[in-house]
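Colleague: Before I ask anything, here is the structure I am working with.
What follows is calculated from the coordinates using simple rules that are stated; it is not laboratory data. In this text, all values refer to a predicted model and were calculated from it rather than measured experimentally. Virtual Cβ from ideal backbone geometry, glycine too; neighbours counted across all protein chains shown.
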Ligand SMILES: [Zn+2]
Ligand SMILES: [Zn+2]
């Protein structure tokens, strides 16, 4: 399969330089438009414009970046440069409910009447308001996790400040796994990949050996897990199952939500899984030595960059949520044995 490599010098160079890549044609008639995420990590998100081709002027969009006036200008200029108008857009397919992917969807919809499409589970999560509460929904877990009372106030403040990952996007059509989307001269299969969020989808371009991976598989970043919607009792297990759903596309090029496009997809899936499994193995060892170790204690015994004691409060919230997932994974695996 080979190791993971960037397939776009333009994109990876821009990332390294701290900039935003220029529009790039990634397949015939498919253009990656990077939209800035000022003062955030990652620093930009991709919106992909697919020209229907032939005699049609239709444009289909996959993901819609972050909603800022500057991005709207960048986006409209990019569409004009492709000799199309925003009013030519007929669909906006969004990989998941996070605000850096849904961003411009409402504006595009208002300007063009384009239909906005997301997986049904994502639409349901939005209806339930879960997109606003699922960032690090940990406040009510602190006693269960054995967090010392003196630590709770600072952690809770961080948890609340990071809870808002969502947006109020209007969804016209609900997608389901296996559905084929017609983009004119291109077609794509919907692959439901729950994990990062409950209704996350990837889109496999038929006959192109390329997959839009959203935030399910990213280069250089291990995507966060369980950041929206219903929470699985075993979030890591659910995420691994979704990595396995991409096995038929192991040799494909990934067209991700952030960073740079890369290949082969399967190698990156394996890297991400190995990263998590190493930490689950650490957790399993600690829990074998001390059964029922509270999450707070367990977290302090796992390996974190710079060590647990040096970990800033802002990172501890995420670290606790991750530790909880590893403990859940250990419990699920041992129950299955
Ligand atoms: Zn996301
Ligand atoms: Zn994202």
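Colleague: Taking N as the number of residues in the chain, what value does Rg over Cα atoms divided by 2.2 N^0.38 Å take?
Modeller: On the way: Rg = 20.3 Å, N = 337, 2.2 N^0.38 = 20.1 Å.
Cα-based Rg divided by the globular estimate yields 1.01.
Colleague: Moving on. Give the angle, between 0 and 90 degrees and rounded to the nearest 10, that separates the Cα long axis of helix 235-244 from the longest principal axis of the Cα atoms of the chain.
Modeller: 40
Colleague: From the mean inverse distance of alpha carbon pairs (Kirkwood) and the Cα radius of gyration, derive Rg over Rh for region 275-337.
Modeller: On the way: Rg = 11.4 Å, Rh = 11.8 Å.
With Rh from the inverse mean 1/r over Cα pairs, Rg/Rh is 0.96.
Colleague: Sorted from fewest to most neighbouring beta carbons within 10 Å, what does the list 55, 242 look like? Numbers along the way, then the final one.
Modeller: Working: 55 5, 242 22.
Starting with the residue having the fewest Cβ neighbours, the order is 55, 242.
Colleague: A further question follows. Taking Cα pairs under 8 Å and at least six residues apart, what relative contact order does region 242-314 come out at, in percent? Working shown, then result.
Modeller: Details: 45 pairs, mean separation 12.6, N = 73.
Reported relative contact order: 17 percent.
Colleague: With all distinct Cα pairs included, what does the Kirkwood hydrodynamic radius of region 2-131 come out to in Å, to one decimal, could you say? All intermediate terms of the calculation are to be shown ahead of the outcome.
Modeller: Numbers: mean 1/r = 0.0653 Å⁻¹.
Result for region 2-131, one decimal place: 15.3 Å.
Colleague: Here's another thing I want to ask about it. Quick one: of the DSSP bridges fully inside the chain, what percent are antiparallel, nearest 5?
Modeller: Working: 29 of 43 bridges.
Expressed as a percentage, antiparallel bridges in the chain total about 65.
Colleague: For region 205-337, restrict the atom set to alpha-carbon positions and state the Rg and Dmax in Å.
Modeller: Cα only, region 205-337: 16.2, 52 Å (Rg, Dmax).
Colleague: I would also like to ask the following. Please determine, in degrees from 0 to 90 and to the nearest 10, the orientation of helix 265-289 with respect to the longest principal axis defined by the Cα atoms of the chain, where the helix direction is its Cα long axis.
Modeller: Helix 265-289 sits roughly 10 degrees off the main axis of the chain.
Colleague: Where does each of 87-94, 108-115 land if you order them by average Cβ count within 10 Å, highest first? Before the final figure, lay out each step's value.
Modeller: On the way: 87-94: 22.1, 108-115: 17.5.
Ranked by mean Cβ neighbours within 10 Å, highest first: 87-94, 108-115.
Colleague: Could I ask something else about it? What is the angle, in °, between the Cα long axis of helix 69-81 and the longest principal axis of the Cα atoms in the chain? Nearest 10 is fine, range 0 to 90.
Modeller: Taking the Cα atoms of the chain, the angle to 69-81 is about 40 degrees.
Colleague: Also, quick follow-up: Relative contact order for region 1-87 using alpha-carbon pairs under 8 Å, separation at least 6, rounded to a whole percent?
Modeller: 18
Colleague: While we're looking at this one, here's another question. Give the percent of DSSP beta bridges with both residues in region 157-298 that are antiparallel, rounded to the nearest 5.
Modeller: 75
Colleague: Per DSSP H run of n ≥ 4, the term is -39500 (n - 2.57); total these for the chain, divide by its residue number, and report the mean residue ellipticity at 222 nm rounded to 500 deg cm²/dmol.
Modeller: Values: 10 runs with 120 residues, N = 337.
Per the formula, -11000 deg cm²/dmol.
Colleague: Let me ask something else about it. Per-residue counts of other Cβ atoms within 10 Å, averaged by peptide: what ranking do you get for 59-67, 186-194, highest first? If you can, show how the numbers build up before the last one.
Modeller: On the way: 59-67: 25.9, 186-194: 21.8.
Highest mean packing first, the order is 59-67, 186-194.
Colleague: Ok, one more. Counting pairs of alpha carbon atoms under 8 Å apart in space and at least six apart in sequence, what relative contact order in percent does the chain give? Spell out each step's value before the answer.
Modeller: Details: 669 pairs, mean separation 56.0, N = 337.
Once divided by the residue count of the chain, the mean separation gives 17 percent.
Colleague: Can you tell me the convex hull volume per residue for region 263-303, based on C-alpha atoms, in Å³ to the nearest whole number? Walk me through the numbers before you get to the answer.
Modeller: Values: hull volume 2.7 nm³, N = 41.
Given the Cα convex hull of region 263-303, per-residue volume reads 67 Å³.
Colleague: Provide the packing ranking of 11-19, 301-309, i.e. peptides ordered by the mean count of other C-beta atoms within 10 Å per residue, highest first. Don't skip to the answer; put the middle values down first.
Modeller: On the way: 11-19: 15.3, 301-309: 11.7.
Output ranking for 11-19, 301-309: 11-19, 301-309.
Colleague: If R0 is 30 Å, what FRET efficiency do you get for residue 221 and residue 277 from their C-beta distance, rounded to 0.05?
Modeller: Working: r = 17 Å, r/R0 = 0.58.
Given R0 = 30 Å and the Cβ-Cβ separation, E is 0.95.
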